[in-house]
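Notes follow once the structure below has been shown.
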Amino acid sequence: MTSPATGPLAGVRVLDVATLFAGPMAAMLLGDYGADVIKIEHPARPDPSRGHGPGGLWWKMLGRNKRTVTLDLSAAEGRDLLLRLVRDADVMIENFRPGTLERWNLSYDRLREANPDLVLARVTGFGQFGPYARRPGFGTLAEAMSGFAAMTGEPDGPPTLPPFGLADGICALATAFAVMAALRSGRGQVIDMSIIEPILGVLGAQPTIYDRLGTVPPRTGNRSVSNAPRNTYRCADGRWVAVSTSAQSIAERVMRLVGRPELVDEPWFATGAGRVAHADELDAAVARWVAVRDRAEVLRAFEEAEAAVAPVYDVADVMADPQLRALDAITTVDDPELGPLRMQNVMFRLSETPGGIRWTGRPHGADTAEVLGALGVSGEELAALRDKGVV
């Protein structure tokens, strides 16, 4: 059912004791590049991602490249087996509320007794200390409290949340990076990762701007506060395109293309800030030009003018795009239960030590006997543990 690991992280063992998204996705990313990821779930309460979305298909992606084991960590026998797994692990990722591991006598000091070199990544909503530390933490709360929602949406509309786990996904990337930095240090240590800090970090210089200028970014819809024109525009066939003019030369090409070359000679056009002040006029010029042409014609004309444009895709468009097909960005993986499944491929290509998807998310506890057997747990002992509900 599983195949040998290859890739730059082959030989690194990760215990994924987290649930749902941020922590498990970080473990998935490590597994994509060869880490031996052992997913540990409660015997009676599987990871909620197994039931997330239609048909539990989220798990097929999120659980890929992981071996699945069941352990009840609230039971003494479960904790003992975890400590035995820790001895040969390099990393453990967990997302319990602060104090939960300590209540189970699985503090980092205790884990470190079993393995002094263990890297423990603790992923929570707000970190391990502070007045909010014990609050339930979800990506939605981080999207709201980081400033993201306040600046997202139309100027006269409400703050807008993303329709997917944006903060969790950013946190997963940050956690995988933190794990690699900790492993590179060669020292066992604790990673204190809050979901709110990574999304706060990618929102740009807002805190610095507020500190120096006292300004709060308004909601601007699809417009940018740094350059114009920048928006989505509806074509004659009802499809949409997105235009960006972050570079001055691109802005000039766009305005010449849409038949307003005289605007390029205006003094205010020479800077992004100047163009933002005239965004209504620039937007109107682009919108009028786009509105009378089908999307294919718009894309072709922008490409010929070497101006920046992209079609606004839904997932069906993504699956059919020739560039993404050339990159194999959406790849096909055989699943024993469902047959060929298409899903996102590994995130980047390494020329000498590439990653890969070895298998999709496996059934709950499918590898318990194999993994615990490697610890010396006999068939009779495993049966007894099952009878007790420990595995």
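The values are calculated or read from the model by the stated rules, or taken from the named source; none is laboratory data. Fair warning: this is a prediction, and the values are worked out from it, not measured in the lab. Positions of Cβ are generated from backbone atoms using ideal geometry, with glycine treated the same way; all protein chains shown enter the neighbour counts. Note: accessible area is taken over every heavy atom of the protein model, side chains too, but ligands, DNA and RNA are not part of it. Shrake-Rupley method; radii C 1.70, N 1.55, O 1.52, S 1.80 Å.
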Query raised in the report: Would you call Tyr132 surrounded by 15 or more Cβ atoms within 10 Å (Cβ to Cβ), touching a strand residue (DSSP E or B) at 6+ places or on another chain (Cβ under 8 Å) and at pLDDT 95 or above?
Result: no
**Report entry** Meets criteria (among the β-branched types (Val, Ile, Thr), in a helix (DSSP H, G or I) and either crowded, with 18+ Cβ neighbours inside 10 Å or touching a strand residue (DSSP E or B) at 6+ places or on another chain (Cβ under 6 Å) (or both)) for Ile191
**Finding:** no
Query raised in the report: Name the residues in segment 285-300 that are in contact (Cβ under 8 Å) with a residue 60 or more places away in the chain and among the aliphatic types (A, V, I, L, M), would you?
Result: Val298
Query raised in the report: Of Tyr210, Tyr233, which residue is open to solvent by 40 Å² or more (accessible area, probe 1.4 Å), under 32 Å from the mean Cα position of the chain (by Cα), at pLDDT 95 or above and aromatic (Phe, Trp, Tyr)?
Result: Tyr210
Query raised in the report: Is it true that some residue in segment 29-40 is farther than 26 Å from Ala75 by Cβ, open to solvent by less than 60 Å² (accessible area, probe 1.4 Å) and touching a helix residue (DSSP H, G or I) at 6+ places or on another chain (Cβ under 7 Å)?
Result: yes
Requested in this report: Would you please name the residue that is most open to solvent (accessible area, probe 1.4 Å), looking only at residues in segment 45-54 that are closer than 21 Å to Phe164 by Cβ and either at pLDDT 95 or above or not in a loop (DSSP other than H, G, I, E, B) (or both)?
Outcome: Pro54
**Report entry** Qualifying residue in segment 2-10 (condition: out of contact with any Cys (no Cβ under 8 Å at 6 or more places or on another chain), within 21 Å of Thr70 (Cα to Cα) and of a type in the set (A, V, I, L, M))
**Finding:** no
Query raised in the report: Does any residue of segment 214-228 turn out to be open to solvent by 20 Å² or more (accessible area, probe 1.4 Å), closer than 16 Å to Ala310 by Cα, modelled with pLDDT of 95 or more and in contact with an Asp or Glu (Cβ under 7 Å, 6 or more places away or on another chain)?
Result: no
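Condition check ((1) outside any helix (DSSP H, G or I); (2) more than 20 Å from Pro198 (Cβ to Cβ); (3) charged (D, E, K, R); (4) free of Cβ contacts under 8 Å to residues at least 40 places away in the same chain) across all residues:
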{"position": "Asp72", "(1), (2), (3), (4)": "yes, yes, yes, no"}
{"position": "Arg84", "(1), (2), (3), (4)": "no, yes, yes, no"}
{"position": "Ile93", "(1), (2), (3), (4)": "yes, no, no, no"}
{"position": "Leu120", "(1), (2), (3), (4)": "yes, no, no, no"}
{"position": "Glu143", "(1), (2), (3), (4)": "no, no, yes, no"}
{"position": "Glu154", "(1), (2), (3), (4)": "yes, yes, yes, no"}
Query raised in the report: Consider Met61 against the criteria (1) more than 27 Å from Pro116 (Cβ to Cβ); (2) open to solvent by 10 Å² or more (accessible area, probe 1.4 Å); (3) assigned to a strand (DSSP E or B): it satisfies all of them except one. Which criterion is unmet?
Result: (3)
Report task. Sort out which residues of segment 5-44 are out of contact with any Asp or Glu (no Cβ under 9 Å at 6 or more places or on another chain) and at pLDDT below 95, and write them in order of number. Result -> Thr6
Query raised in the report: Can you pull out the residues in segment 329-356 that are closer than 30 Å to Val390 by Cα and either touching a residue at least 60 places away in the same chain (Cβ under 8 Å) or buried (at least 19 other Cβ atoms within 10 Å of the Cβ) (or both)?
Result: Asp335, Pro336, Leu338
**Report entry** Contacts under 6 angstrom Cβ, first residue in segment 197-217 being assigned to a helix (DSSP H, G or I), partner among the hydroxyl-bearing types (Ser, Thr, Tyr) and surrounded by 11 or more Cβ atoms within 10 Å (Cβ to Cβ), 6 or more apart
**Finding:** Ile199/Ser146; Leu200/Ser146
Query - Pair list, Cβ under 8 Å, 6 or more apart: segment 44-66 residue without any contact (Cβ under 8 Å) to a residue 40 or more places away in the chain, other residue among the polar types (S, T, N, Q) and open to solvent by 20 Å² or more (accessible area, probe 1.4 Å) - result: Asp47/Thr19; Pro48/Thr19; Ser49/Thr19
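Quick grid of which residues meet (1) farther than 24 Å from Arg223 by Cβ; (2) touching a Pro at 6+ places or on another chain (Cβ under 7 Å); (3) not aromatic (Phe, Trp, Tyr):
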position: Asn115; (1), (2), (3): yes, no, yes
position: Leu120; (1), (2), (3): yes, no, yes
position: Gly130; (1), (2), (3): yes, no, yes
position: Arg134; (1), (2), (3): yes, yes, yes
position: Ala149; (1), (2), (3): no, yes, yes
position: Thr152; (1), (2), (3): no, yes, yes
Report summary line: All-but-one check, Trp240 against (1) open to solvent by 80 Å² or more (accessible area, probe 1.4 Å); (2) in contact with a helix residue (DSSP H, G or I) (Cβ under 7 Å, 6 or more places away or on another chain); (3) hydrophobic (A, V, I, L, M, F, W, C), failing number (2)
